[in-house]
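Every read-out reported here was derived from the displayed coordinates using simple, explicitly stated rules and does not represent laboratory data. If you're wondering where the values come from, they're calculated on a predicted model, not measured in any experiment. All Cβ positions, glycine included, derive from the backbone under ideal geometry; neighbour counts span all protein chains shown.
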Amino acid sequence: MSTSSNPIARMWRTILPRRDSVARTSDRFQAGLLVSVVLLALAALPIAASFGSETYARQQSQSEQQLGERTQVTATLLADGPDIAINSRAGVAGNGEPTDATWVLADGTRRIGHVVAARGTLKGETLTIWVDRKGNPVDPPLSNAGVVIGAVAVGLGLWLGALALLAAWYRLTVFSLDRSRLARWQQEWFQQQDRKTRS
């Protein structure tokens, strides 16, 4: 590949022009800006990774706390779950709904309350639920997979957000430079045409 078609070599020659270079000051500024954007994008990566790591540690601690406070029990439905609703576009529609059920705690206490039963479930069917120390139904604790996914989402989301801001900053600056270069070129062209008409 020739150096004239290599974008990295062209950018390098623009930043550090030779004596016979025709690069304008705005060209060198744009090339320097691009280098700055790339360096800032690389610098943002460990910062985003640090936020992801902190999120992982925080959610891992939360998961361990929830696992210590919540236990799984088997609940038996005392009534049928919600009817299956058919939607012509999406098939089975809707999520589960609160349904009367009973469950036994670790100390032998029987509790009656509402649990979320899937559509189409029948009275007498069993399902596994999570309860707190008082025996009330609660959401499942954070899983290890959920902790990892949450941490990766935070880190990656922050880095992609930084990339988007840097790209927007670069494009807006280049747009401004292009307008300035076009205006200068038009002014020079009009001056040259004016000199031709005078001569």
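Filtering Gln72, Gln65 for residues that are exposed (fewer than 13 other Cβ atoms within 10 Å of the Cβ) and either among the basic types (Lys, Arg) or not in a helix (DSSP H, G or I) (or both) leaves a single hit, Gln72. Restricting to the stretch 135-178, name every residue that is within 23 Å of Val116 (Cβ to Cβ) and in contact with a Leu (Cβ under 9 Å, 6 or more places away or on another chain). Gly135, Pro141, Leu142, Gly150 - these are the residues of the stretch 135-178 that are within 23 Å of Val116 (Cβ to Cβ) and in contact with a Leu (Cβ under 9 Å, 6 or more places away or on another chain). Restricting Val147, Val152 to residues that are out of contact with any Phe, Trp or Tyr (no Cβ under 8 Å at 6 or more places or on another chain) and surrounded by 13 or more Cβ atoms within 10 Å (Cβ to Cβ) narrows the list to Val152. When Leu40 is tested against the conditions (1) within 17 Å of Gly146 (Cα to Cα); (2) in contact (Cβ under 8 Å) with a residue 24 or more places away in the chain; (3) among the hydrophobic types (A, V, I, L, M, F, W, C), the lone failure is (1). Restricting attention to the stretch 106-117, the residues that are buried (at least 16 other Cβ atoms within 10 Å of the Cβ) and over 16 Å from Gln72 (Cβ atoms) total 1.
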